[in-house]
Amino acid sequence: MTTTDSTSAPHSQHLQEARWLTLTAAGVQLQLDLDQDRPRIAHFGHTLAVDPATQRLMASAATPQASLDQLPPNTLFNDAGSGFAGQPALSGDRDGQDWLSDLQLADVGCRHDAQAAHAHLTLRDELSQLEVRLSLQLTAEGVLRQQTTLSNQASRPYRLEWLAAACLPLPVRYEECLTFGGRWVQEFTETRHAIGEGMFALENRRGRGSHQRVPSVIVGTRGFSEQRGEVISAHLAWSGNHRVLVERQFDGSTQLQLGALLLPGEQTLAAGESITTPEVVLAWSDSGINSASQRQHAALRARLDWPQSHKPRPVHVNTWEALYFDHDAARLDELVVAAGDVGAERFVLDDGWFVGRDGERAALGDWYLDEDKYPNGLDPLIAAVHAQGMEFGLWVEPEIVNPDSELYRRHPDWILGLPGRDQPLGRYQCVLDLTRPEVGDYLFARLHALLAEYPIRYLKWDMNRDLTHAASQTGEHAGRPAAHTQVEALYALLARLRAAHPEVEIESCASGGARTDHGILRHTHRVWTSDCNDPHERVHIQRGAGRFLPPELLGDHIGPAHAHTTSRRTSLAFRASTALFGHLGLELDVSRLDHDERAVLRGWTERYKALRGLLHGGISWRLDCLDPHQQAHGVVSPAGDEALFNVSQLAMPRHALPASQPLAGLDPTRRYRVELLKLPEHPERRMKALPAWIDAQLNQGETLEASGEQLMMLGLALPVLDPDQALLLHLRACD
Ligand code: DGJ
């Protein structure tokens, strides 16, 4: 009988006789049945006391007529050698031989420490001389991290086509999956699919991550929602090409696989060579998406490599939408002063500062200051920024070169491309071949020189083009696909820079949110969620991004009233109450605001500063709303003594009378004082009378007090809202 581990400390146990392995952490448990030489999942969920022999007897399935005589099991590494008829976890060959593998358990080990319960499973196929090592870690936050290593143990090379980083059998009760995609200024659009017979695959072939295909999926029981249903959320920590697939066969057997997608001939393992996949991060929940997201957030938070871990996330002002390429000294000075006045703490000089960069068609690659725009260097600007109490950040796009640049004219062969083939430009750009050491050295030298010369504390690292003809043009690998090694070279460049300048934070921007995975976040500290700052769109974008990323990593900026990317007009209150739930910044020309507008904006940055400890260290909740045009979400402090909730109305309310909204995540045993922070303007146009608790607060100065249980079970009456209005509710425990 395996023991139930009710503590949250990671624990691992391998019962050799029983051929049973258990990993437990944070109330989550993975139980593997290792009988029959293949690792099968007996249980992934809450901690359970399971007797292996009984469980095996209970779970052992019938063998239907007209099937193989031994049904192929659905395992942690499905391959064709077992007779498995679905997508194998491994495919490749040696000159048309060894294309079928039959990998069976050869070695099992486990251990635990404070961070995780670890297991490794070695599978070997003597005939094809291939070995696979599955590394599993159930972390202290309750997420399962998985990676796969393939070794070629033969004397002939093995040409790899596909190696799943994780292959996860899914219960047949999982009937739906949620995927994330979209486009520029509309990232993280969620699409729900029914899991039916056949394969559903999401492939990214754009090489840099992408807006269109995010390496994440949530699978679960029918109708799973924010607060209900059983789900597994899965994310591939990789910033390149990828494949996410869910496959169900007619016998109901269902699998999920995630991995890096390889182009033809991209990975060939020489004799004795090994390759390790990127990591997959999996989180299980039986209470809707929320707790899977919370586990993903906690596990990522535990790993982030901050320059200063306790430093609050400073309010940004970013120059892009304020100035675009117009780096006029007088305008910059005005912007700096105005930014300081409204409470900004970090000033980020966006595109346009380097020589020849007067528009988007030229100069990328020439990372030297434009001395016409900055005749005395950046020092005067940085001094002005410091004088306003802000730190200084700089925009760069190192992976890219414009054909119209000195760098390209000197080194036309430094770009990724296929000799003899034309390639389309993207934003008038080509991608530099980072796999060539001299390219990495050049970029490191330029960035290092800038960081050494100026007190730059932040780099906004942009990347605005898909990889299309992703091959080195010279050298022994000329013409071979290099999309995969390009990502590895990017990570190496970032790591080199971080080692040389550990005080510098880096933002991952890729035309907004095209590169937001946990792989890039091993080297960076924030993502630019989207170029769209229109809160009406941002509510959706932030919801999708927040499934896998905690709020403090999401760059969320207050844009101008008239959004540049949608032309929609919105109130400052709506823009600010949306942007508050991330890492706040300002993406507008604050110097053009009048005195009163600045005062209101200052009020919002002050509110953010007062709340950021809660927002960036708390537990995120999304609420199921009865009105499909409403979205509600919040953050509750880990101690359960403070919370901030937002309710946004995105189109006309479904009913004249809004339904009461139950909250979530509170301590049911505590009492809370509930304060409405801001009632959207002109309530009299929508209501003759306000909900009683709001009326009492606004007109009698009496704040509602209620138990967490009442607030979560019965909910709060909401006021009628117009489209594009939001409410903010602040709760503090008062007992
Ligand atoms: C794309 C980014 O998403 C924007 O924020 C801005 O930095 C521009 N590039 C600059 O070219």
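Here's a check for you: in region 65-87, which residue that is in a loop (DSSP other than H, G, I, E, B) and among the polar types (S, T, N, Q) is surrounded by the most Cβ atoms within 10 Å (Cβ to Cβ)? Even if it seems obvious, please write down each step before you answer.
Our first condition is that a residue be in a loop (DSSP other than H, G, I, E, B); within region 65-87, this holds for 65-79, 83-87.
Keeping just the survivors that are among the polar types (S, T, N, Q) gives 65, 67, 70, 74-75, 78, 87.
Details: 65: 5, 67: 12, 70: 10, 74: 23, 75: 25, 78: 27, 87: 18.
This residue is 78.
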Next item on the list: May I ask you to list the residues in region 405-426 that are surrounded by 15 or more Cβ atoms within 10 Å (Cβ to Cβ), within 16 Å of the ligand (Cβ to nearest atom) and not in a strand (DSSP E or B)?
Entry: 405
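May I ask you to say which residue of 467, 459, 447 is in contact with a Gly (Cβ under 6 Å, 6 or more places away or on another chain), surrounded by 22 or more Cβ atoms within 10 Å (Cβ to Cβ) and modelled with pLDDT of 95 or more?
On the way: 459 fails: in contact with a Gly (Cβ under 6 Å, 6 or more places away or on another chain); 447 fails: in contact with a Gly (Cβ under 6 Å, 6 or more places away or on another chain).
None of the others qualify; the one that does is 467.
Could you tell me whether any residue of region 485-504 is at positive phi and either assigned to a loop (DSSP other than H, G, I, E, B) or within 16 Å of the ligand (Cβ to nearest atom) (or both)? Steps first, please.
If we filter region 485-504 for residues that are at positive phi, which is where we start, we get none.
There is no residue in region 485-504 that is at positive phi and either assigned to a loop (DSSP other than H, G, I, E, B) or within 16 Å of the ligand (Cβ to nearest atom) (or both).
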Item checked: Within region 609-664, strands (runs of 3 or more DSSP E) holding 1 or more residues that are surrounded by fewer than 20 Cβ atoms within 10 Å (Cβ to Cβ) and more than 24 Å from the chain's Cα centre (by Cα) -> 642-649
Item checked: Conditions (1) under 19 Å from residue 619 (Cα atoms); (2) more than 14 Å from the ligand (Cβ to nearest atom); number of the one not met by residue 526 -> (2)
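Assess whether residue 336 counts as being away from the ligand (no atom under 13 Å from the Cβ) and surrounded by 21 or more Cβ atoms within 10 Å (Cβ to Cβ). Quick ask: steps written out before the conclusion?
On the way: away from the ligand (no atom under 13 Å from the Cβ): yes; surrounded by 21 or more Cβ atoms within 10 Å (Cβ to Cβ): yes.
Answer is yes for this residue.
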Notebook entry, point to check: Do we find that residue 552 is more than 16 Å from the ligand (Cβ to nearest atom), outside any helix (DSSP H, G or I), out of contact with any Ser or Thr (no Cβ under 8 Å at 6 or more places or on another chain) and in contact (Cβ under 8 Å) with a residue 60 or more places away in the chain in this structure?
Noted result: no
Check: In this structure, is residue 98 of a type in the set (Asp, Glu) and over 28 Å from residue 13 (Cα atoms)?
Finding: yes
Notebook entry, point to check: What single numbered condition from (1) touching a residue at least 60 places away in the same chain (Cβ under 8 Å); (2) more than 16 Å from the ligand (Cβ to nearest atom); (3) aliphatic (A, V, I, L, M) fails to hold for residue 459?
Noted result: (2)
Notebook entry, point to check: If only one of 466, 433, 413 is touching a Phe, Trp or Tyr at 6+ places or on another chain (Cβ under 7 Å), in contact (Cβ under 8 Å) with a residue 12 or more places away in the chain and of a type outside the set (A, V, I, L, M), which one is it?
Noted result: 433
Next item on the list: Would you confirm whether any residue within region 372-380 is at pLDDT 95 or above, in a helix (DSSP H, G or I) and out of contact with any Ser or Thr (no Cβ under 7 Å at 6 or more places or on another chain)?
Entry: yes
Notebook entry, point to check: Among the candidates 330, 292, which residue alone is over 24 Å from residue 604 (Cβ atoms) and free of Cβ contacts under 8 Å to residues at least 24 places away in the same chain?
Noted result: 330
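Return yes or no: is residue 476 over 20 Å from residue 354 (Cβ atoms), under 26 Å from the mean Cα position of the chain (by Cα) and in a loop (DSSP other than H, G, I, E, B)? Reasoning before the result, please.
Values: over 20 Å from residue 354 (Cβ atoms): yes; under 26 Å from the mean Cα position of the chain (by Cα): no; in a loop (DSSP other than H, G, I, E, B): yes.
Against the criterion (over 20 Å from residue 354 (Cβ atoms), under 26 Å from the mean Cα position of the chain (by Cα) and in a loop (DSSP other than H, G, I, E, B)), residue 476 does not qualify.
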Item checked: Residues within region 219-233 that are small (Gly, Ala, Ser) and under 20 Å from residue 200 (Cα atoms), tallied -> 3
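For region 665-699, which positions are among the polar types (S, T, N, Q) and part of a loop (DSSP other than H, G, I, E, B)? Walk me through how you get there before you give the answer.
Going residue by residue through region 665-699, those that are among the polar types (S, T, N, Q) are 669, 697, 699.
The one that is among the polar types (S, T, N, Q) and part of a loop (DSSP other than H, G, I, E, B): 669.
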Margin query: I need every pair where a residue in region 654-681 that is farther than 18 Å from residue 633 by Cβ and in contact (Cβ under 8 Å) with a residue 12 or more places away in the chain has its Cβ under 8 Å from the Cβ of a residue that is in a strand (DSSP E or B) and among the acidic types (Asp, Glu), sequence separation at least 6 or different chains.
Written below: 671/705; 673/705
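Yes or no: residue 498 closer than 22 Å to residue 278 by Cα, among the charged types (D, E, K, R), in contact (Cβ under 8 Å) with a residue 24 or more places away in the chain and touching a His at 6+ places or on another chain (Cβ under 8 Å)?
Working: closer than 22 Å to residue 278 by Cα: yes; among the charged types (D, E, K, R): yes; in contact (Cβ under 8 Å) with a residue 24 or more places away in the chain: yes; touching a His at 6+ places or on another chain (Cβ under 8 Å): yes.
Judged against the criteria, residue 498 is a match.
Mind listing just one residue for me: the one in region 347-372 that is away from the ligand (no atom under 15 Å from the Cβ) and under 21 Å from residue 452 (Cβ atoms) and, of those, surrounded by the fewest Cβ atoms within 10 Å (Cβ to Cβ)?
Taking region 347-372 and keeping what is away from the ligand (no atom under 15 Å from the Cβ), we get 355, 368-369, 371-372.
Add one more test, that the residue is under 21 Å from residue 452 (Cβ atoms), and what stays is 355, 368-369, 371.
Numbers: 355: 18, 368: 14, 369: 16, 371: 10.
Residue satisfying both the conditions and the ranking: 371.
The values are calculated or read from the model by the stated rules, or taken from the named source; none is laboratory data. Everything numeric in this text was worked out from a predicted model, so none of it was measured. Reconstructed Cβ throughout: ideal geometry from the backbone, glycine too, with neighbour counts over all protein chains shown.
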